[in-house]
1. From the Cα gyration tensor of the range 57-151, with a ≥ b ≥ c the square roots of its eigenvalues, which class applies: rounded if a/c is under 1.5, or else prolate if a/b is larger than b/c, or else oblate?
2. At a Förster radius of 35 Å, what calculated FRET efficiency corresponds to the Cβ-Cβ distance of Asn105 and Ser83, to the nearest 0.05?
3. Summing Lys, Arg as +1 and Asp, Glu as -1, what charge do residues with Cβ under 15 Å from the Cβ of Lys109 carry, Lys109 excluded?
4. Could you name the lysines in cross-link range of Lys36, using Cα to Cα under 22 Å and dropping any fewer than eight places away on the same chain?
Amino acid sequence: MKLASYDLKGLLLNILIYHIQFLHLEFFLTVLFDYKESKRLFWSIHHLAVDGVSWRILLEDFQNAYLQIKQGHSVKFAQKTSSFKRWSEKLSDYAKNGMFENELNFWKKIPETTEIPLDYKSENSLADVMDITVMLDQHHTDLLLKEASFL
């Protein structure tokens, strides 16, 4: 979509509001903004589809692919890592084969009632709760919304 006379921030905000308020179970949403002399990609994936750790991996892979294309190279992704399932199977095999036996004595020596050190004693009650509110002035808000680096 061409954005010659539209406010990118306002349009993006409207898309986000629509996406959140009218959740049509679209788990994956991308929009490419062709705005003046730059392009911006809006990419949203619902948390039911991608967890926070995987999201960071996806962003890193996407950024690396983008930089390779920008430099005129063909895209080469890093070697695939083990899945959580595969990792847990290997860990289980490792434990079943007695590979942790040499560490067992170390863990048995630790008292079961070891107290975790605290910075200060507290009852952790509602009286201990405090609110901290920070407000940005217009200049810093504009910097955050308009000048913060994007992919």
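1. Details: a/c = 4.40, a/b = 1.15, b/c = 3.84.
The shape class here is oblate.
2. Details: r = 33 Å, r/R0 = 0.93.
Efficiency, from the Cβ-Cβ distance: 0.60.
3. Details: positive: Lys108; negative: Glu101, Glu103, Glu112.
Result for the local shell: -2.
4. In chain and number order, the partners are Lys2, Lys9, Lys70, Lys146.
Each value in this text was obtained by applying a stated rule to the coordinates, not by laboratory testing. Note that the structure is a prediction, hence the values are computed from the model and not measured. In this analysis, Cβ positions are derived from the backbone assuming ideal geometry, glycine residues included, and neighbour counts consider all displayed protein chains.
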